Amino acid sequence: MIVREREFIEEIKSLGLGVFTLSDISRIIGKGKRYAALYANRLVKRGVIVRIEKGKFALPDTDSLVVATNVTFPSYVSFLSALSYHRLTAQIPTSIQVVAGKSKKGISFKGEKISFVRFDRKRIFGYSREKIGNGYAFIGEVEKIIVDALFMPRYCPLGELMEALDVADVDKLLRYALKMNSIVTLKRLGYLLELKNIDIYDEVKEYINRKYDLLNPLLPPAGETNRKWALRLNEVLEC
């Protein structure tokens, strides 16, 4: 081999490449892509690297969050998975949930499932780059996780947001909710904040319509109605 395995691994780590491609391998070993593919296959067979999907690889000790957010761009961990990362839920996610700018089938890495939820690119913001092990993962900020879950409650139980609301920056929450350009997201946020004795109605009333939406779209349309937020309260949430 033109580059020894140990030297190759050290170079990958020094570059912070949590996920690397055949182009990266070609550049490191100084050979063309055809030889890089043969080189990669050898390393995969020897267990030196792991093939994530066609043309994309990782070192075996790479953190799953790093892999999850580096196979497609832009992307970041959100919903229940991100709440777990921030230690704001006791629930254990069944998969790593990633918001992505394009549709992508789920993958697995080291036995962990990674699922992708497509958002319009205008709704992809509010995340940070975190160093984890030998790579970097992109993780949603607490405020963006809350907004994402209110936008698509199917991926995170609303009751799991109550602890996150206690530590969130309300001004940032409001900015992010407005940036999502979703009326129902604003309604749900306004109602949940009221449960915490925080009233944002004056700031958002011009956006609130009179069409009644479900607090939780996954449950039957039962329960009382909240006239202020034009919501049917079909789920009881505890503060």
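Considering only residues that are touching a residue at least 12 places away in the same chain (Cβ under 8 Å), farther than 19 Å from Ala58 by Cβ and charged (D, E, K, R), which ones fall in the stretch 22-45? Lys31, the sole residue that qualifies. Gly18 - would you say it is open to solvent by less than 60 Å² (accessible area, probe 1.4 Å), of a type outside the set (Val, Ile, Thr), over 30 Å from Glu143 (Cβ atoms) and part of a loop (DSSP other than H, G, I, E, B)? When the stated conditions are applied, Gly18 does not pass them. State whether the residues of the stretch 54-67 include one that is of a type in the set (Lys, Arg), within 30 Å of Phe125 (Cβ to Cβ) and touching a helix residue (DSSP H, G or I) at 6+ places or on another chain (Cβ under 8 Å). No, there is no match, as no residue in the stretch 54-67 is of a type in the set (Lys, Arg), within 30 Å of Phe125 (Cβ to Cβ) and touching a helix residue (DSSP H, G or I) at 6+ places or on another chain (Cβ under 8 Å). In the condition set (1) open to solvent by 10 Å² or more (accessible area, probe 1.4 Å); (2) in contact with a Ser or Thr (Cβ under 8 Å, 6 or more places away or on another chain); (3) within 25 Å of Tyr207 (Cα to Cα), Lys122 is compliant with all but (2). Residues that are among the hydrophobic types (A, V, I, L, M, F, W, C) and touching a Pro at 6+ places or on another chain (Cβ under 8 Å) within the stretch 117-137 comprise just one, Ile124.
If I ask for residues that are touching a residue at least 12 places away in the same chain (Cβ under 8 Å) and open to solvent by 30 Å² or more (accessible area, probe 1.4 Å), which ones from the stretch 75-107 would you list? Within the stretch 75-107, Tyr85, His86, Gln91, Pro93, Thr94, Lys102, Ser103, Lys104 meet the criteria.
Could you list all residues from the stretch 213-227 that are out of contact with any strand residue (DSSP E or B) (no Cβ under 7 Å at 6 or more places or on another chain) and open to solvent by 70 Å² or more (accessible area, probe 1.4 Å)?
Those that are out of contact with any strand residue (DSSP E or B) (no Cβ under 7 Å at 6 or more places or on another chain) and open to solvent by 70 Å² or more (accessible area, probe 1.4 Å): Leu218, Pro220, Arg227.
Restricted to helices (runs of 4 or more DSSP H) entirely inside the stretch 43-157, those with at least 2 residues that are over 23 Å from Val167 (Cβ atoms) are 64-68.
The values are calculated or read from the model by the stated rules, or taken from the named source; none is laboratory data. The shown structure was predicted, so the numbers you read here are calculated from the model rather than taken from an experiment. Here the Cβ is made from the backbone with ideal geometry for all residues, glycine too, and neighbour counts use every protein chain on show. All accessible areas refer to the heavy atoms of the entire protein, side chains included, with ligands and DNA or RNA removed. Shrake-Rupley method; radii C 1.70, N 1.55, O 1.52, S 1.80 Å.
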